[in-house]
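Structure, as structure tokens:
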Amino acid sequence: MGDLRLPRLNATDDEYTLLEWLVGDGAPVGVGTAVALVETSKAAHELVTDVAGMLWHRLDAPATCRPGQLIATVAGGDHPQRSRADTDAPGARSVAAGTDAVAFTVTEPARQLMAQHGLTDAAIRSIGKQVVSRSDIERLVAGQPAPDAADRVTITPAQRRIARTVSAAHREIPAAYTVAKVVADRLGRRLREQAASIGYLGVAELVVEAIAAQRAEFPLFFARPVDDEAATVRPGAHVGVTIDVGTGLYLPVVADADTRPLRDIAADLLRFRHAAVRGGFAEADLTGSNIALTIHTDADIVHAQPLIFPEHTCALSLASMQRELTLQGDGSVTTSEYFHLGLAYDHRFINGRSAAAFLRAVKADLESR
């Protein structure tokens with residue numbers, strides 16, 4: 001017999017979503033069998049067993065779970081009794097409906113309001129939603145009907161975690177923003193020259209390289225805030241790059257970008273793009289960043305202000321390539337390419353003068369090669 005407890009899948013999330021069981025309740029499993037799909041804010045993971053036997057679910061999916069929580073037992077032929085701790089686990093509720101069970105998730109603020117008003121599971125079932133929020137409880141207490149289902153769009157669990165990150169960032173980080181114009185004429189020539197030997201190479205790869213090159217001169221831009229008065233700086237430039245192919249926002253990390261060649265940076269980013277399409281990120285790909293670059297290179301996107309992740313002190317944004325007419329000294333007119341590179345920064349640790357100096361250093365690196 002063995003307990004299947006939810007492992008800690010990353011360093012940032014305190015709760016995950018048990019999306020679905022891959023093996024039915026009471027079905028036989030072997031060592032190494034993938035039995036459940038769990039989603040974090042960064043990736044989806046398959047949980048496997050390390051013992052053989054019959055799998056007995058302790059929770060109904062979908063459910064919100066915490067690291068260390070018991071979610072299943074691998075035992076003999078008799079179904080182990082679910083304890084009250086299982087059925088009352090944080091975020092997980094199962095409501096009896098005749099002979100069927102309707103699973104739904106109740107957010108922590110909603111659970112607190114339920115307790116204040118003494119609401120029963122039957123009352124919550126009447127809401128008719130898979131995920132019950134505090135606003136749903138407030139409407140129920142006030143006797144107001146739920147919004148018309150045709151007008152309501154429920155976001156995915158992963159997007160809800162992104163929403164919490166965004167809310168925390170705007171609430172806790174005193175952000176400022178500035179932007180630089182980068183002339184890309186030399187950059188274009190470099191791309192053409194090196195693409196033949198490196199393979200696929202784009203502006204994003206060169207920008208990652210240029211950002212990482214500033215690590216030694218601007219260590220606070222690669223720091224992790226501790227509180228309002230201190231931040232920690234660890235070795236290396238580990239550049240997180242946003243990738244969104246329509247299945248969710250990911251921030252895979254180009255580790256040690258300040259010491260690895262451009263060829264390796266390009267290989268990492270190409271692998272990340274493939275992984276985003278397949279949904280095959282490993283957790284190691286998504287952890288450890290100490291600075292972020294957000295990509296906004298769709299045509300005609302000339303400006304974007306990035307979100308500063310709570311574990312960072314700044315984030316950069318790369319907009320799309322633009323063209324303009326340039327008047328030369330001899331009176332002739334030529335066509336030039338450029339793009340905007342934005343920098344959002346935590347004003348507790350970085351001031352405007354330093355932010356401008358950092359952007360100028362990245363710009364000079366890109367324009368001079």
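Just checking, how many residues over the stretch 167-187 are open to solvent by less than 50 Å² (accessible area, probe 1.4 Å) and either out of contact with any strand residue (DSSP E or B) (no Cβ under 6 Å at 6 or more places or on another chain) or of a type in the set (Lys, Arg) (or both)?
Looking only at that region, the number is 3.
Please indicate, with yes or no, whether at least one residue in the stretch 282-298 is among the charged types (D, E, K, R), over 30 Å from Val38 (Cβ atoms), part of a helix (DSSP H, G or I) and open to solvent by 60 Å² or more (accessible area, probe 1.4 Å).
No, the stretch 282-298 has no match at all.
Does Ala196 fit the bill of being open to solvent by 40 Å² or more (accessible area, probe 1.4 Å) and farther than 13 Å from Leu359 by Cα? Full working, then the answer.
Details: open to solvent by 40 Å² or more (accessible area, probe 1.4 Å): yes; farther than 13 Å from Leu359 by Cα: yes.
For Ala196, the condition - open to solvent by 40 Å² or more (accessible area, probe 1.4 Å) and farther than 13 Å from Leu359 by Cα - is met.
Just checking, which of Thr64, Thr73 is at pLDDT below 85, on the phi < 0 side of the Ramachandran plot, crowded, with 16+ Cβ neighbours inside 10 Å and in a strand (DSSP E or B)?
The conditions single out Thr64.
Are there any pairs, at least 6 apart or on different chains, whose C-beta atoms fall under 6 Å, with the first in the stretch 266-289 and at pLDDT below 90 and the second assigned to a helix (DSSP H, G or I), and if so, which?
Phe281/Ala275
Could you give me the residue pairs with C-beta distances under 8 Å whose first residue belongs to the stretch 173-188 and is farther than 24 Å from Phe309 by Cα, whose second residue is among the charged types (D, E, K, R) and assigned to a loop (DSSP other than H, G, I, E, B) wherever it lies, and which are 6+ apart or on separate chains?
The qualifying pairs are Arg186/Arg369; Leu187/Arg369.
Filter the stretch 1-60 for residues that are open to solvent by less than 50 Å² (accessible area, probe 1.4 Å), closer than 26 Å to Gly288 by Cβ, at pLDDT 80 or above and not in a strand (DSSP E or B) and give the result.
Leu6
Hey, can you tell me all the residues within the stretch 102-119 that are modelled with pLDDT under 75 and over 23 Å from Glu20 (Cα atoms)?
Residue satisfying the conditions is Pro109 alone.
Output the residues belonging to the stretch 315-332 that are loosely packed, with under 10 Cβ neighbours inside 10 Å and in a loop (DSSP other than H, G, I, E, B). So that I can check it myself, show each step before the final result.
Step one: list which residues in the stretch 315-332 are loosely packed, with under 10 Cβ neighbours inside 10 Å, which gives 325, 327-332.
Hits for the stretch 315-332 are Gln328, Gly329, Asp330, Gly331, Ser332.
The values are calculated or read from the model by the stated rules, or taken from the named source; none is laboratory data. Since we're looking at a predicted model, the values are computed, not measured. So basically every Cβ, Gly included, is an ideal-geometry build from the backbone, and we count neighbours across all protein chains shown. Only protein heavy atoms, including side chains, enter the accessible area calculation; ligands, DNA and RNA are left aside. Shrake-Rupley method; radii C 1.70, N 1.55, O 1.52, S 1.80 Å.
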